[in-house]
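To start, the structure under review is shown below, and the notes come after it.
We did not get these values from a lab; they are worked out from the coordinates using the rules stated. Just so we're clear, the structure is a prediction, and the values are computed from it rather than from any experiment. Methodologically, a virtual Cβ is constructed for each residue, glycine included, from the backbone with ideal geometry; neighbour enumeration extends over all protein chains shown.
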Amino acid sequence: MSFRAAVVTFPGSNCDRDMAVALEQASGTKPLRVWHGDADLPDNLDFIALPGGFSYGDYLRSGAMAANSPIMRSVKRAAERGVPVLGVCNGFQVLTEARLLPGALMRNSSQHFICRTAALTVENAHSLFTSGYASGETVQIPVAHHDGNYFADDETLDRLEGEGRVAFRYVENFNGSRRDIAGVLNAAGNVLGMMPHPERAVDAAHGGTDGRRLFEAAIKALA
Amino acid sequence: MKIRVLVSLKPGVLDPQGRAVHHALEGLGFKGVEDVRIGRTIELDVDDSTSDAALDEMCRTLLANTVIENYRIEKLDR
């Protein structure tokens, strides 16, 4: 079976290659590379990834410009059809700005750019992205962000928690995120946004392989 | 027509930048500063026929993120 994934590159994306390598290592198939100005995505995609970086130089708000680029209309249509969409770091910011996920990502409460390995608790191990983990398991995934402080109002947070849509929480809250949230799912469970970078933990040489299980789970779920 | 859009954080949304600036003002010895909130000003020059509804939609679609921000549209006299 070939796994048809696409990695979107915006001007200023810088984790697109790492994302493509992680997907290829896990699936054995090279992902399609798509440019932000492309209007259309192929209809038969199995997976779409929005990578980390600083799309459009973080002008206006992180992810705001990218969320309105031509390719995002196709990404929204694919997400509505149920195609799995993963947004990592800037990709998560793009997904919230595009309203595919609730909430917003604000400047870290410390004001500092934070680059480190983060311990995460897997809150929901039943999604297509997280079924390779056990609920409550602690995994180690790197973070590198300035705007990772997740905000949503209390009502939204209660709903996310009630519906099992918090995928990951930080063990130690270093960026100010409300309720320690590191990653959230959409209502249908096919869109995941997370600040930590699973594509940076797919090879023993990275110092850990906990991220690889996310890609393997998504591929297995589609097989 | 000159338009000024003032974007501010909603009440209740923490403003780490404002807090840091508040500390800096206190560090400089300024007294009586109760709170600092940082927002953004966006100036537009639009065709006179641009409707209020269109301006409002620009704000809601792109200029402000209404999850965390409020906005106010001002029309400036020439």
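The order of the peptides A:191-204, A:119-132, B:49-62 by mean Cβ neighbours within 10 Å, most packed first, is A:191-204, A:119-132, B:49-62. For chain B, the longest principal axis of the C-alpha atoms and the axis of helix B:16-27 are separated by about 50°.
Using a simple spin-label model with pseudo-atoms 7 Å out from Cα toward Cβ, residue B:21 and residue B:72 lie 1.5 nm apart.
Listed by chain and number, the lysines whose C-alpha is less than 20 Å from the C-alpha of residue B:2, apart from same-chain residues fewer than 8 away, are B:75. Peptide B:64-71 has a mean shielding of 5, counted as Cβ atoms of other protein chains within 10 Å of each residue's Cβ.
Computed from label points 7 Å out along Cα-Cβ, the spacing between residue A:220 and residue A:115 is 3.3 nm.
Overall dimensions of segment A:120-164, expressed as equivalent-ellipsoid semi-axes from the Cα gyration tensor (√(5λ), whole Å, largest first), are 20, 18, 8.
Report note on the peptides A:134-143, A:36-45: ranked by the mean count of other C-beta atoms within 10 Å, highest first, their order is A:134-143, A:36-45. Stretching residue A:153 away from residue A:32 to a fully extended chain increases their span by 39.9 nm, per 0.36 nm per residue minus the current alpha-carbon distance.
Computed from point charges on the beta carbon alone (+1 for Lys and Arg, -1 for Asp and Glu), the dipole magnitude for chain B about its Cα centre is near 280 Debye.
In the protein assembly as shown, taking the dipole from charged Cβ atoms about the Cα centre, the farthest positive-side position among A:45, A:148, A:168 is held by A:45. Computed per residue of chain A from DSSP H runs no shorter than four, each worth -39500 (n - 2.57), the mean residue ellipticity at 222 nm is -7000 deg cm²/dmol. With r as the distance between the Cβ atoms of residue A:163 and residue A:203 and R0 = 41 Å, compute the FRET efficiency 1/(1 + (r/R0)^6) and round to 0.05. Taking R0 as 41 Å, the efficiency between residue A:203 and residue A:163 is 0.75. Take each peptide in B:1-10, A:172-181, count the other Cβ atoms within 10 Å of every residue, and average; sorted highest first, the result is A:172-181, B:1-10.
Residue by residue, segment A:130-141 carries 3J(HN,Hα) couplings of 10, 6, x, 10, 9, 4, x, 5, 9, 10, 10, 9 Hz when phi is fed to the Karplus relation 6.51 cos²θ - 1.76 cosθ + 1.60 (θ = phi - 60°); x denotes Gly or Pro.
3J(HN,Hα) couplings calculated from phi for segment B:56-69 with the Karplus curve 6.51 cos²θ - 1.76 cosθ + 1.60 (θ = phi - 60°) are, in sequence order, 4, 5, 4, 5, 5, 7, 9, 5, 10, 9, 5, 5, 10, 10 Hz; Gly and Pro show x.
Largest first and in whole Å, the equivalent-ellipsoid semi-axes of the protein assembly as shown read 34, 24, 16, each the square root of five times a Cα gyration tensor eigenvalue. Which helices, counted as full DSSP H runs in chain A, have an axial Cα extent of no less than 27 Å and a Kyte-Doolittle average of 0.0 or above? None clear 27 Å together with a mean of 0.0. Rounded to the nearest 20, the size of the Cβ-charge dipole of the protein assembly as shown about its Cα centre is 340 debye, with Lys and Arg at +1 and Asp and Glu at -1.
Computed on the Cα trace of chain B, the radius of gyration divided by the Kirkwood hydrodynamic radius gives Rg/Rh = 1.11. Here is the tail figure for segment A:8-141: Cα pairs spaced more than 17 Å apart come to 63 percent of all pairs. Here r is the Cβ-Cβ distance between residue B:36 and residue A:138 and R0 is 35 Å; the resulting FRET efficiency, rounded to 0.05, is 0.40.
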